[in-house]
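Since every read-out is calculated from the coordinates, none of them should be taken as a lab result. Worth saying up front: this structure is predicted, and the values here are computed from it rather than measured. All Cβ positions, glycine included, derive from the backbone under ideal geometry; neighbour counts span all protein chains shown.
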Amino acid sequence: MTVPRELDQRFRDAAVHAGLLDAAYDVIESPVGPLLVATTDRGVLRISYVNGFEPEATLEDIARVAGKRVLRASRAVDDARHELDEYFTGSREQFDLTVDLRGQPAFGVIVLGELAKVPYGETATYGELAARAGSPKAARAVGMVMNRNPIPIVLPCHRIVGASGKLVGYAGGLDRKEQLLRLEGAML
Amino acid sequence: MMAFVATIPPFETFYAEHAGEVLALLRRRLGRDRADDAFQETFLRALRAYDRLRHGEHLRAWVLTIAARVAIDAHRRAGEPADVLPELPTEDGRPAYEDLAFLTDTLPPTERAAVVLRYGYDLDYDQIAAVLESSVDAARQAASSGVRRLRRRIT
């Protein structure tokens, strides 16, 4: 039996309202395709490009970090959706969202912290970011951190480019990286 | 021998898998109108207990039993008589409640649920407590006094 939409929605809202969830998520539309956005009481935990796949693996990953009580609940991601919408329409250059970096290794947390400071519309190289994180020789390790960035867009790994200025790589695909940089008016 | 123990899926996966069947059971028990509130209550109860689960075995039996309990509570509030156990087909390789019915029919509702979930479905007392909305100790006690009562009857 299919559960009527309103009844389903009512339960999901009630679960959020009762504070019973370890993490809530929703899939939101964006100019770079659908994004799965997951939040906890600490902040945004994950943003992932859905790419048409069932998000099962992402849910397992969220449950490992935050706890098993993971539920799709649009209401819980309202703040994140709102700020992302503003970002994509060009009316927001900085996110006020907090992030939940549980489960990230210590080096990753430092690098992602520095990454968050790279301004809108500007780029930095992997080597520069490594130096800012206090490990100037760790450009390659920084590349790995970018590749596994749990919260792309909000933590702007698209602003990190190769030493020659070439875009080099992006976990969500180079097209998206270019699209995000053009949106921000970065010189390419 | 190492037994394969099912892991506990993210709640979304569990909910998506069982929501339809839970709603169907509640509509049979309570009718369409009252089933909606009971549906929400069932999954909120499951959510409250979910992080205390230790394995993912028999989650279907677990949630259907919660639903049956919620239906009983609704009947009680309305001053109507109610049965305690849901009809469960045997597809997950465990005896259906009916198979234990001849033994447990005469037990008080709470003891009956505890005995069937413990011995029919091999759930642990954490899970049974969640279904009964009681402490783990109370769940253990309900099962053991149910068994004692059955023994007295059989011998």
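Can you tally the lysine pairs in the protein assembly as shown where the Cα-Cα distance is under 25 Å and the two residues are eight or more apart, or on different chains?
Value for the protein assembly as shown: 6.
Pick from A:Arg64, A:Arg159, A:Arg92: which residue has the top mean-square fluctuation in a GNM of chain A where Cα pairs under 10 Å get a spring?
Fluctuation is largest for A:Arg64.
Using Cα-Cα distances under 8 Å and only pairs 6 or more residues apart, what relative contact order does chain A have, in percent?
Normalised by residue count, the contact order of chain A is 18 percent.
Once you've got the GNM for chain A with C-alpha springs shorter than 10 Å, pick whichever of A:Leu97, A:Leu115, A:Leu21 has the biggest mean-square fluctuation.
In this elastic network of chain A, the residue with the biggest mean-square fluctuation among A:Leu97, A:Leu115, A:Leu21 is A:Leu97.
Non-local amide H neighbours of A:Thr125 (under 5 Å, H modeled in plane, Pro and chain starts lacking H): which ones?
Here the answer is A:Val161, since their amide H atoms fall under 5 Å of that of A:Thr125.
Considering chain A as a Gaussian network with a 10 Å cut-off on Cα pairs, which listed residue, A:Thr123, A:Thr39, A:Thr58, attains the greatest mean-square fluctuation?
A:Thr58
How large is the charge dipole for the protein assembly as shown, taken about the Cα centre, if only the Cβ atoms of Lys, Arg (+1) and Asp, Glu (-1) carry charge, to the nearest 20 debye?
It comes to approximately 880 debye.
Given the options B:Ala67, B:Leu47, B:Phe14, identify the residue whose Cα lies farthest towards the positive end of the charge dipole of region B:1-76 (+1 on Cβ of Lys, Arg; -1 on Cβ of Asp, Glu).
B:Ala67
Given an 8 Å cut-off on Cα distances and at least 6 residues of separation, report the relative contact order of region A:18-101 as a percent.
On the way: 130 pairs, mean separation 29.4, N = 84.
Over region A:18-101, the number comes to 35 percent.
Grab the alpha carbons of region A:62-169, take their convex hull, and tell me the volume per residue in Å³.
110 Å³
For the protein assembly as shown, max minus min Cα coordinate along each principal axis, in Å, sorted largest first?
86, 47, 30
Counting alpha carbon pairs within less than 8 Å and at least 6 residues apart, what relative contact order, in whole percent, applies to region A:143-188? Can you show the working numbers first?
Numbers: 29 pairs, mean separation 12.9, N = 46.
After rounding, I find 28 percent.
Can you pull the mean other chain C-beta count within 10 Å for peptide A:64-73?
5
What is the sum of charges, Lys and Arg at +1 and Asp and Glu at -1, for the other residues whose Cβ falls under 14 Å from the Cβ of A:Gly134?
Here the charged neighbours net out to +1.
Specify the longest stretch of chain A that does not include any exposed loop site, a site being one of the chymotrypsin sites (Phe, Trp or Tyr not before Pro) with a non-H, G, I, E, B DSSP assignment and at most 16 other Cβ atoms within 10 Å.
Values: sites that count: A:Phe53, A:Tyr120.
After excluding every exposed loop site, the longest remaining stretch is A:121-188.
Evaluate the Kirkwood expression for the hydrodynamic radius of chain A, namely the inverse of the mean inverse distance over all pairs of different C-alpha atoms, and round to one decimal in Å.
Numbers: mean 1/r = 0.0577 Å⁻¹.
Across chain A, the inverse of the average 1/r is 17.3 Å.
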